[in-house]
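Take a look at the structure set out below.
The values are calculated or read from the model by the stated rules, or taken from the named source; none is laboratory data. As the structure is a computational prediction, the values presented were derived from the model and not from experiment. We place every Cβ from the backbone using ideal geometry, glycine too, and count neighbours over all the protein chains shown. The area values use the complete protein model at the heavy-atom level, side chains included, leaving out ligands, DNA and RNA. Shrake-Rupley method; radii C 1.70, N 1.55, O 1.52, S 1.80 Å.
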Amino acid sequence: MKTIDFRETGQIFDESDRPTPPPPPEWFAAGTILFRKFLMVESMAVYRSNYPDPQGVQHILPVDASDAEIGAALLDALDKSRFLTPDQPEFDAFFGDWIEGRNDDAYDAGLMEVAGVKTRATLYRGARSVGVRAEGGDQILLTAWRRRRGRWFSGDGGGPVETLPRDTSPEALGAAWRRAVALAGD
């Protein structure tokens, strides 16, 4: 039992009294970043957060890819996304490596090689991101992300830009992605 003494208030907090939060509902995600020279679509491993999954797929498309090509890549990435739970042996190592930043250099180096650039600043300059999330088995949510700093993007708190049925055609999904990325900004 770990006890925390909040000396300023005189309150004692016992962590064993705090209930364990329930697991999140199962969901799947694809990450997309539109760079100046290419579009990257990749599957994510998810639990409460999501990170690129080396066991998934990464599609590199030209910036002028058609709606159908973009939608097909998104659907493939969603299909190959994984929902990892704390009872799976790789959970701690996988999420720990991303949270601690141990994968950042190799991840960015691969993207810099594809883009033909030498620095992260050059790679991410002008980049836009859209998160694609499948949850509940029947809908896909697209959320525009603004580039915050370097390789990090954040939402504006407005929630999903667009919600589509899970059985959406690749063309319709690609068109929705284009509308969302237009809102992502730099």
Share of carbon and sulfur in the accessible heavy-atom surface of the chain [1.4 Å probe, %]: 52
Ranked by how many other beta carbons lie within 10 Å on average, peptides 132-138, 162-168, 86-92 from highest: 132-138, 162-168, 86-92
Label-point gap, in nm, between residue 178 and residue 63 - each point 7 angstrom along Cα→Cβ: 1.6
Packing-based ranking, highest mean first, of 169-176, 117-124 given that Cβ atoms within 10 Å are counted: 169-176, 117-124
Counting DSSP beta bridges with both ends in the chain, the antiparallel % (nearest 5): 95
Highest-fluctuation residue, 129, 43, 154 considered, GNM on the chain with Cα pairs under 10 Å: 154
Per-residue HN-Hα couplings for the stretch 31-43 [Karplus 6.51, -1.76, 1.60; θ = phi - 60°; Hz; x = Gly/Pro]: x, 9, 9, 9, 8, 5, 9, 6, 10, 10, 10, 9, 7
Estimated vicinal HN-Hα couplings, Hz - the stretch 107-120 in sequence order (Karplus 6.51, -1.76, 1.60; Gly, Pro = x): 4, 5, 4, x, 5, 5, 5, 4, 6, x, 10, 10, 10, 5
Estimated 222 nm signal from helices in the chain, with DSSP H stretches of n ≥ 4 weighted -39500 (n - 2.57), rounded to 500: -8500 deg cm²/dmol
Full-extension gain in nm, residue 37 to residue 109, via 0.36 nm per residue minus C-alpha separation: 24.4 nm
